[in-house]
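Q: Input: one structure, supplied below.
What follows is calculated from the coordinates using simple rules that are stated; it is not laboratory data. Since we're looking at a predicted model, the values are computed, not measured. Cβ sites come from the backbone with ideal geometry, for glycine too, and all protein chains shown count toward neighbours.
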Amino acid sequence: MANEPFEISYGANPTWKGLNVEAPADLLDISHTPSTTNFQFRNAALTSRPVFTKVFLTPEPSAPILGAGSFLDQNGVTHTVAFTVNGLYQLRPINNIPGKNPWVYLGGASLVPGISVSWQPFVNNLYYTNGSPQVSQWDGIANAPKVISYLADGQSSVGGLYLFELASRLVLAYVVQLAFGQIAASAVDSGGAGYNVGDTFTIGSGTATGQVTETTSGAVTGYTITNAGTGYTDAAGVLTNATSGTGTGLTITITAIGSSIVTQPQTIWWSANGLPNVWDPTVNTSAGYNPLLDTPDIITGVMALGEFALIFRTNGITQMSPTGSALAPFEFDHMWASNKGIGNVYPFSIAQYGSFGIFISTEQIFQVSINSFMEIGGGARDAIMADFAIATGTPVAYISSSNPFGYVYLTYRLSIPLGTFTRHYLYSIEDKNWTVWETNGLLITAKPYGVWR
Amino acid sequence: MTDIITPFPIPRPTPKGPGTPTGPPSPFSPFSYVYNKNVATTSNGGVNALTTADLYPMVDLNGNAYFYTFDPTQGYDDIYAASTHFFRVEDAQPYRVPTIRWVTLTYINLGICNLTLTITYCTIVPDEKLGTEAPQINSQTVKAIIGSATNLKSIMTQRIAFPVISGMNFQLSIVRPAGGGPLSLTKVTIAGTVEDAKY
């Protein structure tokens, strides 16, 4: 029996095609791989990945970091900041001295543990929130950041999970509101006359409402608060306004004030036009909100693409477009409002780079730009979805464009914590391939970000 | 009068080869001091903004938090993480048994690198008792050292001899152990012979 020589060569053609776990390993294209770890396919070479190294001590050794970023202040000075549950830190100008903490504490409102901070530079100021009922602002000049999203009463405020800029306004998506000045306890001050059980009334000029439960000769002797309202202060003898019945003269003494945090996962809330510190539409009518009540799901992320923003929901996407009107500044077009559909299911898997971004639905990974959707999961999709199913923390994503000294590797980097290590799936935007990096003994706690130092 | 540090655009040297940083920063001074008389307030801190870093907020298994980065300026030899790559499962000729003798590696020399090459393959073992054939998966591993401390970034080729392996559905995998050295392959070739039987 004769033997014939053979050769099989593997290489880029013209690029490596990357991870493919979906086709049987004998039916793959020759530049696919059924399994790869800690290699990259950059510039057509199969190269071990760069060293994963500590670049900074963190602001607080035992407090997980909730994010980082850089912005330019009005003096043209660049600031690099980091967030923990205790507030805001900034990087020192000289930040590479071994053993010396390179961070300076600035303060600010406390942040929610375990949620990546959403931040947005706007007119040389840094604005940020992360699921707390406040938007904070720091201008790079003041000693400390401050909360700027108070409503008309000066105590209630709004914040949210996602913060972005569109049409000269700051916009919150998935709103969290602190409703301050609710009536926690009250009593009849004067029962008035002409009331019947079941009559309803509002209290003072606010939104609190009540219903009569007991009367004596037309005077109210008992009632229940049906809506605790907002914006109230302790006060004696607040006059009520009947909304049903003919009674008059009922006054109530408010004896205790409370507050509550109201989560509105379907709501978009925007600041006044060009006034990022004004959020109450009763103060400036160009501020406002839309609860998107005609959609069946919750907001899971945002991409601001300049001309419009895409509001991602669990099972759909809503296009938010400026109208040019001050009173109704945005138009909301739901691309679909079905109970099942393409939306973003992992809130912090969205990453944006300029005019395009990437998000993950239940069945695919999509690259989206102003006028296109493209499926990019390829043969790596099943591996990614399987890891999502066993993730032990919140998956986060980021698009990395370049590293020091002109080392360009434009990649979407999806990091999934898995018990004792983090697995990072990298998608090369240029070469359209996936690879896998792993960082042993380390778990990611928030979205990565490229900063100046 | 306020003393403001204003960075110039950072000069970007031309990349010089795949997978490699491009050396030390330019000697060109990337910033200078500028007096800006129109600014009434002084900035609180700030950075020189000479370079960027991707910050990965990480916590170790003891709860200690750190900022990490994947840093190509530190090279491609992570001492805490091995690199593993599997190639496609091959049939040299459908249903013919090949014999593998060599694996040839062509690479960009980033320095000395220790490797483990493994070929798994399928053999068919006759079961004389039952009069049938049973497939069996086997593997053969070879350790190799490639690269050179000199002539960095040159393209080099090295042929790795394997003990003779005969089997179908063979699959090559390459492991760079943690701290084994940097590796940048451009081409991998498996060579051998395949039976020319006629059925």
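Q: Under 5 Å between amide hydrogens, which residues at least 5 positions from A:Trp336 or on another chain qualify, with H placed 1.01 Å from N in the peptide plane?
A: Residues meeting the criterion, in which the H sits 1.01 Å from N, are A:Ile317.
Q: May I ask for log10 I(q)/I(0) of the protein assembly as shown at q = 0.06, 0.09, 0.10, 0.12 Å⁻¹, from a Debye sum over the Cα atoms as equal point scatterers with solvent left out?
A: Once normalised to I(0) and log-transformed, intensities are -0.45, -0.85, -0.99, -1.26.
Q: Further, regarding this structure: Which value, in debye to the nearest 20, gives the size of the charge dipole of the protein assembly as shown about its Cα centre, when Lys and Arg are +1 and Asp and Glu are -1 at the Cβ?
A: Values: 29 positive and 40 negative charges, 381 e Å.
For the protein assembly as shown, the charge dipole is close to 1840 debye.
Q: Return a whole-number percent for the relative contact order of chain A, with Cα pairs under 8 Å and 6 or more residues apart as the contact set.
A: Values: 1189 pairs, mean separation 55.7, N = 453.
With pairs under 8 Å counted, the relative contact order is 12 percent.
Q: In a shell of Cβ-Cβ distance under 14 Å around A:Ala337, excluding A:Ala337 itself, what net charge do Lys and Arg (+1) and Asp and Glu (-1) give? Don't skip to the end; give the middle numbers.
A: Working: positive: A:Arg313, A:Lys340; negative: A:Asp294, A:Asp297, A:Asp333.
Once all neighbours under 14 Å are counted, the net charge is -1.
Q: OK, next. What does the structure give for A:102-108 when I average, per residue, the other chain Cβ atoms found within 10 Å of the residue Cβ? Each step should come with its number before you reach the end.
A: Numbers: counts 2, 1, 2, 0, 2, 0, 0.
Across A:102-108, the average partner-chain Cβ count within 10 Å equals 1.
Q: Shifting gears a bit: Provide B:Asp127, B:Asp77 in ascending order of the number of other Cβ atoms located within 10 Å of each residue's Cβ, fewest first. Walk me through the numbers on the way to the answer.
A: Details: B:Asp127 9, B:Asp77 21.
Ranking B:Asp127, B:Asp77 by Cβ neighbours within 10 Å, fewest first, gives B:Asp127, B:Asp77.
Q: Additional query: Could you size up the charge dipole of segment B:83-194 around its Cα centre, putting +1 on the beta carbon of Lys and Arg and -1 on that of Asp and Glu, and report it in debye to the nearest 20? Don't skip to the end; give the middle numbers.
A: Numbers: 9 positive and 5 negative charges, 106 e Å.
Dipole about the Cα centre, nearest 20: 500 debye.
Q: Using the Cα centre of chain A as origin and beta-carbon charges of +1 (Lys, Arg) and -1 (Asp, Glu), tell me which of A:Thr200, A:Phe388, A:Phe122 is placed farthest towards the positive end of the dipole.
A: A:Phe122
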